[in-house]
Each structure stands twice: as C-alpha cells, then as structure tokens.
C-alpha cells in the first residue's frame, strides 16, 4: 500500500513537471509578431503585429468580412510583466462586452503578453469576460 502511495505521488510530480516548467519559460519578444484574433459576442477583431514595429487592426461584425479599422506602431515593454503597447488604438470593446463607438484614441493600449500551457502567446483583453487575443498565425 505504501509503495502504491509513493508511486502515485511520484507519477503526479512527473506528469506535472512539464506544466510547471512551461509556466517558468520566458517569452522572447521576437515571438510576439503575428496575427491575433479575439471573438466578441458582436464580432471578431484581428490584430496584425508586424515585425517592423507596425500593426493593423481589423474588425468584422458577426457574419461579415473583416475590414481594416486602424494602423499604427507597437512596442514591447517590460515592467512587472511583458506588455505589448499598441499606440493610438481603436478600442473595440467597451469593457462590458458591448461594442464601443470605435474611435481612434490618442493614447496607448497595454496588453499583457501571456503564455498558455502549450507555449502559445495570448493577449488578454478582458479575462473576466473571456476575451483574449489568440495567435492564429
């Protein structure tokens, strides 16, 4: 019985090790460029992060094609965590799960850069509502 208990604990530690190690891996800022998408109840937003420091935002209401809504520059900053800074963005969601007026702002949009369990990069928009940019390319 004691051997079974030790085997179970050891197996749990071995199986959990890759997950734990994945949480500790650092994100290389060179991995950030790509295309990200988030689905809202009213449509889809895509954020194309180009390696040259530029971005393009696209939006499409449900069942409609995506159209460009904004372009600008981005950068990566390290504060307490890695952040993607999107300069002069169009904020699509009002923070309560409804479409905003979609006007370009003169500020910046700090998006935390997170890594999923399998290493994929995610950019949470509103984790409470489950809105997260996921890398699609």
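No lab work stands behind these numbers, since they all come straight from the coordinates. No experiment lies behind these values; they were computed from the predicted model shown. Don't worry about glycine lacking a Cβ; one is built from the backbone with ideal geometry, like all the others, and counts go over all protein chains shown.
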Inset, instruction - Once you have the Kirkwood Rh of the stretch 81-123 from its Cα pairs, apply Stokes-Einstein at 4 °C and 1.567 mPa s and quote D in µm²/s. - result: 110 µm²/s
Inset, instruction - Could you compute the FRET efficiency for residue 30 and residue 87, with r as their C-beta to C-beta distance and R0 at 22 Å, rounded to 0.05? - result: 0.65
Legend entry - Separation in nanometres of the label points that stand 7 Å from Cα toward Cβ, at residue 137 and residue 66: 0.8 nm
Inset, instruction - Just need the relative contact order of the stretch 28-135 here, percent rounded to a whole number, with Cα pairs under 8 Å and 6+ apart. - result: 21 percent
Legend entry - Full-extension gain in nm, residue 56 to residue 103, via 0.36 nm per residue minus C-alpha separation: 15.5 nm
Legend entry - Dimensions (Å) - the stretch 28-135, Cα atoms, principal axes, largest first: 34, 29, 23
